[in-house]
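Structure first, commentary second.
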Amino acid sequence: MRHRDLGCLLRFAVVLLGWSAAQGLVADELYYPGPGTQWEQRAPDKVDIDADKLAEAVKFAQAHEIGWLRDVRAQIEKDVAYWGAEIKKLGITAE
């Protein structure tokens, strides 16, 4: 086998390994949560998440909450009222 062919084969093997590893990360079935409290809940250790780091991240997020409205459309309207015509609305917000 020539040197160039070996390099090509090695690159292909790396790509194949990466692809197969990524396939293992994809869930067997897609999950779409329902509204409100219909979200599925799992303990951090059941989904390979460090519970202490998760708690730290939640604490940080709560301590650094921003003042945006929960309703995205209302927040955009508020921003447009403040910034005026400089804001260009796109997609579903353009209605």
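No lab work stands behind these numbers, since they all come straight from the coordinates. Fair warning: this is a prediction, and the values are worked out from it, not measured in the lab. All Cβ positions, even for glycine, are placed from backbone atoms using ideal geometry, and neighbour counts span all protein chains on display.
Some values worked out for this structure:
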| item | result |
| --- | --- |
| Charge sum, other residues only, whose C-beta stays under 14 Å from Leu54's C-beta, Lys/Arg counted +1 and Asp/Glu -1 | -1 |
| In region 31-80, the GluC sites (Glu not before Pro) that fall in loop regions by DSSP, at most 12 other Cβ within 10 Å | Glu40, Glu65 |
